[in-house]
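*Asks:* Shown below is the structure under consideration.
The values are calculated or read from the model by the stated rules, or taken from the named source; none is laboratory data. If you're wondering where the values come from, they're calculated on a predicted model, not measured in any experiment. Backbone-built Cβ (ideal geometry, glycine too); neighbour counts: all protein chains shown. These accessible areas exclude ligands, DNA and RNA; they are computed on the full protein's heavy atoms, side chains included. Shrake-Rupley method; radii C 1.70, N 1.55, O 1.52, S 1.80 Å.
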Amino acid sequence: MSTPTLVGVAAFRGRYTARMIQFGENPQVLVPLLRRIWTDTFGRDTDAMAAALLAHDWWSLAVNPKPRRWDQQPPVPGLGHPADNDTIRRGALREDVGGALEWLYLLHLDQRRLVVYEATVHGRWLRHSAHHLDPADELFITEPADDDGGGPEMTVCTVCGAVDEIDHVEVPSMAGYGYDTATSCTRCGSSVATDPMFGDHVTRKPWPPHNPTTGDATGSAR
C-alpha cells in the first residue's frame, strides 16, 4: 500500500518547495534512509541532495535502486526510482493538506536539519519531529530500553547520559504559525529551543559540572 509523501526544502515563513514520493515511509524508516543518502550519495552536501530530490517526483527512494522492467525511467543511482509525473509543489504549512498525503519532510539547508510533519484528521500539517542529518548533532536521542530492541523506547541526553529525565514545553509560536518548543534535561540543564522561523538553538552544558574554586579547605592552620 502506498504512503503518499512530500519531500523538499523549507523556505521563509513556513513555505516550502517539494516533490511527491508515491511510496513514502514513516520517519522511523525514511529519516535513516535520507541520512544515508546524504552521507553515501552526496558526501554530506545538503544543497546537492536537495537539488536532486527536487529534480523529479519519485516512486520510492533507495540508496541502491535496481532497474525494474515496468519503470519508464531508469533509476537515479544513490537516490531512487523517479516517477513519470513532473510537478513541483510550492505550498505553506498553514494551508489545507489536500489529497491522500500522509507525511512531509523538509530540509533546512543552512542547519543540515530535517523536520517532519504529519497530516492530521483536520487536514493540517502538524510538526512530528526534527532530526539533524548528522545524528552526532542530536542533543536528545531515542533508543530501545533493552538490548534486543523489542522493548519500550527511552529518551537519552547525549551530554550527561540521563534517561527519561526530559522536560518539554510547547506553545503556539509568536511567528503566527507552528509552535515554539523548549526541551531540556533536568539533570545537566542542556536544552534545545525551536521556533518556526529560526529553527533549533542548542545549549550544551558542561558535564560533569565545573566545581567552584574555594581554596584549599584541607590546609592546616599555621
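*Asks:* Return only the number of the condition from (1) of a type outside the set (A, V, I, L, M, F, W, C); (2) touching a Phe, Trp or Tyr at 6+ places or on another chain (Cβ under 9 Å); (3) in contact (Cβ under 8 Å) with a residue 60 or more places away in the chain; (4) open to solvent by less than 70 Å² (accessible area, probe 1.4 Å) that SER60 does not satisfy.
*Replies:* The single condition SER60 does not satisfy is (3).
*Asks:* Okay, moving on. Looking only at the stretch 73-88, decide whether some residue is closer than 23 Å to ALA51 by Cβ and in contact with a Gly (Cβ under 7 Å, 6 or more places away or on another chain).
*Replies:* no
*Asks:* Could you list, in sequence order, all residues of the stretch 50-63 that are in contact with a helix residue (DSSP H, G or I) (Cβ under 9 Å, 6 or more places away or on another chain) and assigned to a loop (DSSP other than H, G, I, E, B)?
*Replies:* Result: ALA62, VAL63.
*Asks:* If you don't mind, another one. Looking only at residues that are touching a strand residue (DSSP E or B) at 6+ places or on another chain (Cβ under 9 Å) and over 17 Å from LEU114 (Cβ atoms) in the stretch 4-14, which one is modelled with the highest pLDDT? Reasoning before the result, please.
*Replies:* Filtering the stretch 4-14 down to residues touching a strand residue (DSSP E or B) at 6+ places or on another chain (Cβ under 9 Å) leaves 4-11, 13-14.
From what's left, over 17 Å from LEU114 (Cβ atoms): 4, 13.
Working: PRO4: 92, ARG13: 84.
The residue in question is PRO4.
*Asks:* Being touching a strand residue (DSSP E or B) at 6+ places or on another chain (Cβ under 7 Å), among the small types (Gly, Ala, Ser), at pLDDT 75 or above and in a strand (DSSP E or B), is that true of even one residue in the stretch 196-207?
*Replies:* No - not one qualifying residue is present in the stretch 196-207.
*Asks:* Looking at ALA51, ALA130, ALA136 in this structure, which one is at pLDDT 95 or above and open to solvent by 30 Å² or more (accessible area, probe 1.4 Å)?
*Replies:* ALA51
*Asks:* Can you pull out every residue in the stretch 34-48 that is crowded, with 20+ Cβ neighbours inside 10 Å and either in contact (Cβ under 8 Å) with a residue 60 or more places away in the chain or part of a loop (DSSP other than H, G, I, E, B) (or both)?
*Replies:* LEU34, TRP38
*Asks:* Kindly provide the set of residues from the stretch 139-173 that are in a loop (DSSP other than H, G, I, E, B) and either among the small types (Gly, Ala, Ser) or modelled with pLDDT under 85 (or both), ordered by number.
*Replies:* Those that are in a loop (DSSP other than H, G, I, E, B) and either among the small types (Gly, Ala, Ser) or modelled with pLDDT under 85 (or both): ALA145, ASP146, ASP147, ASP148, GLY149, GLY150, GLY151, PRO152, THR158, GLY161, ALA162, SER173.
*Asks:* If you take the residues of the stretch 9-33 that are in contact with a helix residue (DSSP H, G or I) (Cβ under 7 Å, 6 or more places away or on another chain) and part of a strand (DSSP E or B), which of them is farthest from GLN111 (Cα to Cα)?
*Replies:* Here the residue is ARG19.
*Asks:* A follow-up question, please. If you go through the stretch 160-192 one residue at a time, how many are of a type in the set (A, V, I, L, M), under 18 Å from the mean Cα position of the chain (by Cα) and open to solvent by less than 40 Å² (accessible area, probe 1.4 Å)?
*Replies:* 1
*Asks:* Looking only at residues in the stretch 193-204 that are over 15 Å from VAL156 (Cβ atoms) and in contact (Cβ under 8 Å) with a residue 40 or more places away in the chain, which one is most open to solvent (accessible area, probe 1.4 Å)? Full working, then the answer.
*Replies:* Going residue by residue through the stretch 193-204, those that are over 15 Å from VAL156 (Cβ atoms) are 193-203.
Adding the requirement that they be in contact (Cβ under 8 Å) with a residue 40 or more places away in the chain leaves 194, 196-197, 199-200, 202.
Working: THR194: 12, PRO196: 35, MET197: 73, GLY199: 6, ASP200: 43, VAL202: 57 Å².
Per the stated criteria, the residue is MET197.
*Asks:* Filter the stretch 111-126 down to the residues that are touching a strand residue (DSSP E or B) at 6+ places or on another chain (Cβ under 9 Å) and at pLDDT below 85, then identify the one that is nearest to ASN26 (Cα to Cα).
*Replies:* Step by step, filter the stretch 111-126, then rank; the result is THR120.
*Asks:* Also, I was wondering about something else. Considering the stretch 4-16 alone, what residues qualify as being surrounded by fewer than 17 Cβ atoms within 10 Å (Cβ to Cβ) and of a type outside the set (Phe, Trp, Tyr)?
*Replies:* Keep residues of the stretch 4-16 that are surrounded by fewer than 17 Cβ atoms within 10 Å (Cβ to Cβ), which gives 4, 11-13, 15.
If the condition is that a residue be surrounded by fewer than 17 Cβ atoms within 10 Å (Cβ to Cβ) and of a type outside the set (Phe, Trp, Tyr), then PRO4, ALA11, ARG13, ARG15 are the ones that fit.
*Asks:* For the stretch 67-122, which positions are of a type in the set (Phe, Trp, Tyr) and open to solvent by 40 Å² or more (accessible area, probe 1.4 Å)?
*Replies:* Here is the first cut: in the stretch 67-122, the residues of a type in the set (Phe, Trp, Tyr) are 70, 103, 105, 117.
Once the filter is applied, which keeps residues that are of a type in the set (Phe, Trp, Tyr) and open to solvent by 40 Å² or more (accessible area, probe 1.4 Å), the stretch 67-122 yields only TRP70.
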